[in-house]
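Input: a single structure, listed below in structure tokens.
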Amino acid sequence: MTTHATGPLAGLTWLKRGINLGRHNARAVFGAAAIMMFVGLLPGVLQLIVLSIFKPDANGAMIVAAGANVLSIVVVSPFIGGFLRLIDATENARPASAGDIFQPLRHGGDAGRMIGFGLLMTLYYVIIGVALLTVFGDGLWDWMTKVMSLQQAAGETPIDPSQMPDAPEGLGRLLGLGSILFLFLSGVYAIGFGQVALGGRPVRNAMADGVIGTAKNLLPILLLAILVVLASIPFGLVLLLVFSIVTVVGGAIHPTLAVALIMPLYLALMVVLYVIMFGVMYYLWRDVCGPALPQGEAPPPPPASSNNHQIEL
């Protein structure tokens, strides 16, 4: 199985398709996204419970956070694979339901390979992060420890800016180079995980496909990142305005009502973002690892399913 180079504007196409995902079987796609969102929240909730019970210091809090991240990878990776397979089914007019997201957890569902790929990617993130910190992060660990200690000491009280320690000199270079490497690794993850979940590739081969496919498509992936950043600015402002209005109106009646109104909006927003994010991931994988098309020819639109009304959540 080979990887393909796409056009420079492919990033725009991936984003547009991700936004339009679900139009063929909205109940299955959005239902599965809601399931995955709640599953993804569990490690974070467990982390908060552990922190509230044991109240560790800054170093202990970082260890708990690292453990929660590993647990999240183990728990969520099979659901990501199941969601990608569900998207592939809906885009090819095959019957699908939200419960199909559990398919990798069944016998022969390849959950082990998905978890293995997620853990291997995390290992690469750690190795690259340690390398960056070694070269550019002089004093960063001490700075972060001091900041976390100040936050724990302040509790819910805002930290006095005058008490904040000065950031280390290499922080700007670290963030800039880290952002570039994170963008590259994001492409590797999207393509490689797609190869594991949809291409049936072993973890090692999928990782190689991810590296090669990302290297061939750096320009459209960069364009995608720029579009996401630019779109998030007006989108975030609109959301801030909506949430502010709901909070003010609900709070005028009762603070509990404001929370009751905000939470459904927040959860619905998270579900929509999950659909778009993994939709973009799917289309990136499909264009890079799918059958090659003649130059200039766009992939055909997915056929409309005639039995959408029969699909149950």
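Numbers below:
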| quantity | calculated |
| --- | --- |
| Pairs where the first residue, in the range 117-135, is among the β-branched types (Val, Ile, Thr) and the second is assigned to a helix (DSSP H, G or I) and modelled with pLDDT of 90 or more, C-beta under 6 Å, 6+ apart | Thr122/Ile73; Ile128/Leu181 |
| Index of the failed condition, Pro234 passing every other in (1) in a helix (DSSP H, G or I); (2) over 18 Å from the mean Cα position of the chain (by Cα); (3) crowded, with 16+ Cβ neighbours inside 10 Å; (4) at pLDDT 90 or above | (3) |
| Residue check, Gly290 in contact with a Leu (Cβ under 8 Å, 6 or more places away or on another chain), within 27 Å of Phe30 (Cα to Cα) and small (Gly, Ala, Ser) | no |
| Residue check, Ser179 farther than 22 Å from Ile87 by Cβ and either of a type in the set (S, T, N, Q) or under 16 Å from the mean Cα position of the chain (by Cα) (or both) | yes |
| Filter pass, Gly172 being assigned to a helix (DSSP H, G or I), modelled with pLDDT under 90, surrounded by 12 or more Cβ atoms within 10 Å (Cβ to Cβ) and out of contact with any Cys (no Cβ under 9 Å at 6 or more places or on another chain) | no |
| Positions within the range 156-169 being in a loop (DSSP other than H, G, I, E, B) and modelled with pLDDT under 70, in sequence order | Glu156, Thr157, Pro158, Ile159, Asp160 |
| In the range 199-231, the residues that are buried (at least 17 other Cβ atoms within 10 Å of the Cβ) and outside any helix (DSSP H, G or I) | Gly199, Arg201, Asn217 |
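The values are calculated or read from the model by the stated rules, or taken from the named source; none is laboratory data. Just so we're clear, the structure is a prediction, and the values are computed from it rather than from any experiment. Cβ coordinates were reconstructed from backbone atoms using ideal geometry, including for glycine residues, and neighbour counts include every protein chain displayed.
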